[in-house]
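Everything on this sheet refers to the single structure shown next.
What follows draws every value from the coordinates through simple rules; no lab data is involved. No experiment lies behind these values; they were computed from the predicted model shown. Please note: Cβ atoms are built from the backbone with ideal geometry, for glycine as well, and neighbour counts cover all protein chains shown.
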Amino acid sequence: MARGKFITFEGGEGCGKSTQVRRLKAALEQRGVTVLLTREPGGTRLAEQVRSLLKDEADDPPCDRAELLLFLAARAQLVRKVIRPALESGTWVVSDRFSDSTLAYQGYGRGLPLDIIREANDFACEGLKPDKTILLDVDPETSRARMRGREASTNTTADRIERAGDDFHSRLRKGFLEMAAAEPSRIVTVDASGDEDEVWERVWKSLTPIL
Ligand code: TMP
């Protein structure tokens, strides 16, 4: 049984990941591939509980280090319980965020040391790396407009991390682009401006080499 492929989607807020993740699953299934979708943080009961803790608006928000460790705890559980067994059984796994988000958000965004995050990430994932990562890149204005649109259509407000401010979000974008430049064979940067269909065409094309 051939090992499944592991594909992750990354990007800042409002980059349209969740839609593209669903489209990729449908397109792969049409080709007869068995696909499991995961999202981070989450995907197991424990990891979903950690997600609630991280998104919680309570009066005791995690400090930056606690935030980092909570994301890593959720990831360790998801990798060990879900992602690895799926890949080993030949299932392809498509994940809405993975370890690059931690380097971008907790490293470039919060300012925690990148080398420590890389090592801790590796420990949490037992060395697992995606076969391909799609970085959906949008400019800050598009990102803000999409977030406002989402808040209006779902009648929700931005959460603790989404509200982190323009400087934080610019650092994130810079971080993601630096990471893509450092690992060009794994991370493909896809222009996520334009409508859903245009972005999807770019995503699909960028995956041709591994399909
Ligand atoms: P989302 O699933 O709606 O994108 O929410 C996940 C939020 O958590 C998003 O704001 C990005 C953030 N995040 C981190 O800060 N670090 C991480 O390692 C991950 C996976 C997500």
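Can you pull out every residue in the stretch 43-57 that is surrounded by fewer than 20 Cβ atoms within 10 Å (Cβ to Cβ) and either in contact (Cβ under 8 Å) with a residue 60 or more places away in the chain or not in a helix (DSSP H, G or I) (or both)?
Listed by number, the residues that qualify are Thr44, Leu54, Lys55, Asp56, Glu57.
If we scan the stretch 65-73, do we find a residue that is surrounded by fewer than 17 Cβ atoms within 10 Å (Cβ to Cβ), among the charged types (D, E, K, R) and away from the ligand (no atom under 15 Å from the Cβ)?
Checked the stretch 65-73: no residue is surrounded by fewer than 17 Cβ atoms within 10 Å (Cβ to Cβ), among the charged types (D, E, K, R) and away from the ligand (no atom under 15 Å from the Cβ).
For the stretch 77-88, check the following and say yes or no: at least one residue is outside any helix (DSSP H, G or I) and either more than 28 Å from Asp167 (Cα to Cα) or within 14 Å of the ligand (Cβ to nearest atom) (or both).
The answer is no, given that none of the residues of the stretch 77-88 is outside any helix (DSSP H, G or I) and either more than 28 Å from Asp167 (Cα to Cα) or within 14 Å of the ligand (Cβ to nearest atom) (or both).
Give me a count of the residues in the stretch 137-157 that are among the aliphatic types (A, V, I, L, M) and either free of Cβ contacts under 8 Å to residues at least 40 places away in the same chain or in contact with a helix residue (DSSP H, G or I) (Cβ under 6 Å, 6 or more places away or on another chain) (or both).
Summing the residues that are among the aliphatic types (A, V, I, L, M) and either free of Cβ contacts under 8 Å to residues at least 40 places away in the same chain or in contact with a helix residue (DSSP H, G or I) (Cβ under 6 Å, 6 or more places away or on another chain) (or both) in the stretch 137-157 gives 1.
From the list Ala26, Ala66, exactly one residue is assigned to a helix (DSSP H, G or I), out of contact with any Gly (no Cβ under 8 Å at 6 or more places or on another chain) and either of a type in the set (Lys, Arg) or under 27 Å from Thr157 (Cβ atoms) (or both). Which is it?
Ala66
Can you say whether Ala120 is within 22 Å of Gly16 (Cα to Cα) and part of a helix (DSSP H, G or I), as far as the supplied structure shows?
The answer is no for Ala120.
Condition first: within 10 Å of the ligand (Cβ to nearest atom), in contact (Cβ under 8 Å) with a residue 12 or more places away in the chain and closer than 18 Å to Gln106 by Cβ. Can you find one or more residues in the stretch 18-37 that meet it?
No.
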